[in-house]
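**Student:** The structure under discussion is supplied below as structure tokens; questions concerning it will follow.
Every number here is computed from the coordinates shown, using simple stated rules; none is lab data. Quick caveat: nothing in here was measured; it's all calculated off a predicted structure. Here the Cβ is made from the backbone with ideal geometry for all residues, glycine too, and neighbour counts use every protein chain on show.
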Amino acid sequence: MEEIHSKIPHRQPFLFVDEIVEISESGAKTALRVLPEMPFFKGHYPGKPIMPGVLLSEAVFQTGAVFLSSHLDGENILTNPSNTPVLSRIRDARFKRMVKPGDRLEISVFLLERIGKFFNLRGEVRVEGKVAMTVSFALALVEGD
């Protein structure tokens, strides 16, 4: 967890990455074990718990922030605490499979294009090798408050 905490500002209960699997020049892979005691399961389809799609998306976006933190490390952009990666666009989110307690998410992001301080990425979530969701999104580096 220390490695994750050093890369992104998210903390429990709003942290949806619990392992960094791999970071490369073109993307990152992380994982999340979906635990039955996660608080959102109490109210999201009680009795038939399903992880909300918006939280699957958030796991992808957090993986994108992990990637940016490593990708930009040499540029010292994220070492300035006033720089924050924020979501600036979501496109073409598709949900293909339900995610349930006990699943292990394999989360991947791939850099498509960088334009200044904007980063266009594509992400996906897999469970047991099968695609659960895909999304294209953009993160922007915002300075200051």
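**Student:** Rounded to the nearest 10 degrees, what's the angle between the helix 53-71 long axis and the longest principal axis of the chain, both from Cα atoms, 0 to 90?
**Tutor:** Value to nearest ten degrees: 30.
**Student:** Here's another thing I want to ask about it. Please name which of V54, L112, H5 has its Cα lying farthest along the dipole of the chain towards the positive end, using unit charges on Cβ (Lys, Arg +1; Asp, Glu -1) and the Cα centre as origin.
**Tutor:** V54
**Student:** I would also like to ask the following. Have a look at the stretch 2-143 and give its Rg and Dmax from the Cα atoms, expressed in angstrom.
**Tutor:** According to the Cα coordinates of the stretch 2-143, Rg and Dmax are 14.8, 48 Å.
**Student:** Same structure, new question: Could you point to the residue in V21, L68, F40 farthest towards the positive end of the chain's charge dipole, with +1 and -1 charges on the Cβ of Lys/Arg and Asp/Glu respectively?
**Tutor:** F40
**Student:** Give me the dipole magnitude in Debye, nearest 20, for the chain about the Cα centre, with unit charges on the beta carbon: positive for Lys and Arg, negative for Asp and Glu.
**Tutor:** Around 760 debye, computed over the chain.
**Student:** Each residue of the stretch 22-32 in order: what ³J(HN,Hα) in whole Hz does its phi give by Karplus 6.51 cos²θ - 1.76 cosθ + 1.60, θ = phi - 60°, with x for Gly and Pro?
**Tutor:** 6, 10, 10, 5, 10, x, 8, 10, 10, 9, 9
**Student:** On full extension of the chain, what length is gained from V86 through F118, given 0.36 nm per residue of separation minus the C-alpha to C-alpha distance?
**Tutor:** Net length gain for the segment: 10.6 nm.
**Student:** To continue, here is another question. Return the subset of K7/K42; K29/K96; K7/K130; K42/K130; K7/K100 for which the Cα-Cα distance in this structure is over 23 Å, preserving the input order.
**Tutor:** Pairs exceeding 23 Å: K7/K42; K7/K130; K42/K130; K7/K100.
**Student:** Here's another thing I want to ask about it. Are there any GluC sites (Glu not before Pro) in the stretch 1-96 that are in a DSSP loop and have at most 11 other Cβ atoms within 10 Å? List them by number.
**Tutor:** E25, E37
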